[in-house]
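Data first, discussion second: the structure below is written as structure tokens.
The values are calculated or read from the model by the stated rules, or taken from the named source; none is laboratory data. The shown structure was predicted, so the numbers you read here are calculated from the model rather than taken from an experiment. Glycine gets a Cβ as well: all are built from the backbone with ideal geometry, and neighbour counts include every protein chain shown.
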Amino acid sequence: MKRTILAVALAATPFLSQAAQFDVEITNPTRGIYFTPLLITAHPDNVALFETGSAASSELQAMAEGGDLSGLVSVLNAAGATTVEDPANGLLAPGASATTTLNTDNAAANTRLSIVAMLLPTNDGFLALNSLEIPTEPGTYTYDLNAYDAGTEANDEVRGSGTPGQPGMPVPPPLDPVLGNNGTGVASSAEGYVHIHRGNLGDTDLNGGSSDIVSTLHRWLNPVARVTVTVK
């Protein structure tokens, strides 16, 4: 059965050894990329936040274009998921980490772990761990996360709005003084489906050029995040 974010949670076969409590640490190893407030969730295996190659849901679009988690949280709550929002209390800066503990209310059903957050500066880029089967044996497990593109907005790489459907990138205070201005735009159309992000292109012209992103600071190569899960 194809999993979608709008799926309704179904009865799941019990996993008697499923971890009921575990720690999750998210690290930002990039040079100049910020993560918007993180969403960490343990959820049923018939629910997924997105499918690569398919169009993004409106809830995913809101997160990927502006960091808005409310739509995803509402759908996950309806599915009986255990969810933690914003363990970093705001943006997660380059080189920083955030840690939280998930106490799963229904460990037998909530067998999958997903994590998402928007990447700044991007138009609709986000990091993701998508429906990982939660380890059951005690130990420490490490995962490197790729960046994805929601495919809902053109990657014009210019200053703008984080409102879904509006062009341009949101610019929070830490990025405002280090971005360029007056870029003419790199791309003019959205891809229409979720895919691995091509990365920022940027340029070195702070007062024009095609992009407001600074290529010497805001480019990256996947992976863009590291997750450590500790089952005790």
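Restricting attention to segment 9-31, the residues being more than 26 Å from the chain's Cα centre (by Cα) and modelled with pLDDT of 50 or more number 1. Here is the figure for segment 57-78: residues that are crowded, with 21+ Cβ neighbours inside 10 Å, small (Gly, Ala, Ser) and out of contact with any helix residue (DSSP H, G or I) (no Cβ under 7 Å at 6 or more places or on another chain) total 3. Scanning segment 191-216 for residues that are buried (at least 18 other Cβ atoms within 10 Å of the Cβ) and of a type in the set (A, V, I, L, M) yields Val194, Ile213, Val214. Checking each residue in segment 64-105 for being closer than 15 Å to Ser131 by Cα, under 15 Å from the mean Cα position of the chain (by Cα) and of a type in the set (S, T, N, Q) picks out only Thr83. Across segment 156-188, the qualifying residues are those that are polar (S, T, N, Q) and out of contact with any Pro (no Cβ under 9 Å at 6 or more places or on another chain), and the one among them that is farthest from Gly209 (Cα to Cα) is Gln166.
Name the single residue that is surrounded by the most Cβ atoms within 10 Å (Cβ to Cβ) among those in segment 217-232 being under 22 Å from the mean Cα position of the chain (by Cα) and more than 22 Å from His197 (Cα to Cα). Ranking the qualifying residues of segment 217-232, first place goes to Val229. Residues considered: Pro87, Pro37. Of these, the only one that is part of a loop (DSSP other than H, G, I, E, B), at negative phi and surrounded by fewer than 19 Cβ atoms within 10 Å (Cβ to Cβ) is Pro87. For Thr52, the stated conditions do not hold, so it cannot be described as part of a loop (DSSP other than H, G, I, E, B) and modelled with pLDDT under 95.
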